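Here's the structure, in structure tokens; my notes come after.
Laboratory data are not the source of any read-out in this text; all were calculated from the coordinates shown. Given the structure is predicted, the values throughout are model-derived calculations rather than measurements. Cβ coordinates were reconstructed from backbone atoms using ideal geometry, including for glycine residues, and neighbour counts include every protein chain displayed.
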Amino acid sequence: MPIGIWAGPMDTPTIEDKIIVHLSQYSRYSQDYLCPPGMTQQGICERLGLTQPHISVELKKLIEDKVVEYRTARVKTSKTRKKVYFLTPRGENAAKTIKEAIPMEIFDLRTDIAIKEHLELREFDNLDFLTP
């Protein structure tokens, strides 16, 4: 099954595509000690509006396909360490392909939440990540 391939204008992005694009917003945190909640399963569920079991199954497929990896890290909203998910180099390439092929309006991603998380983790005067 090809990952991140847009089939055409009449189709909608797959759940895998949505997860890949969502996680691409958090690439800068893949090795950080403190990560945003959007990198956890719960955060992915909230941003994409899907259930945890559904996200879990899709993440497992993406991990098997070596598109996504995970590790445990501190998460801003949690007292305990949690699994955080991030894209591999293959996943980054898939995200780039998806973003080039699919109009971003089709995705129902809560980018406002991702930006807020960035701001909470970084100083407010460092806004360079907001520019394309």
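Based on the mean of other Cβ atoms within 10 Å per residue, sort peptides 12-22, 81-91 so the most packed one is first. Please list the in-between numbers first.
Numbers: 12-22: 21.1, 81-91: 18.4.
Per-residue mean Cβ counts within 10 Å order the peptides as 12-22, 81-91.
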Take the eigenvalues of the Cα gyration tensor for region 15-114, scale each by 5, and report the square roots as semi-axes in whole Å, largest first.
20, 15, 13
Show me, for region 23-33, the HN-Hα J-couplings you get by feeding each phi into the Karplus relation (A = 6.51, B = -1.76, C = 1.60, θ = phi - 60°), rounded to Hz, glycine and proline as x.
5, 5, 5, 10, 4, 5, 9, 4, 10, 6, 6
Lysines whose Cα lies under 20 Å from that of K96, excluding same-chain neighbours fewer than 8 positions away:
K18, K61, K66
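Starting from the Cα-Cα distance between L50 and R71, subtract it from 0.36 nm times their residue separation and give me the gain in nm to one decimal.
Details: separation 21, 0.36 × 21 = 7.56 nm, distance 2.19 nm.
Extra length available between L50 and R71 comes to 5.4 nm.
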Pairwise label distance in nanometres, R28 with K96, each label 7 Å out on the Cα-Cβ vector
1.9
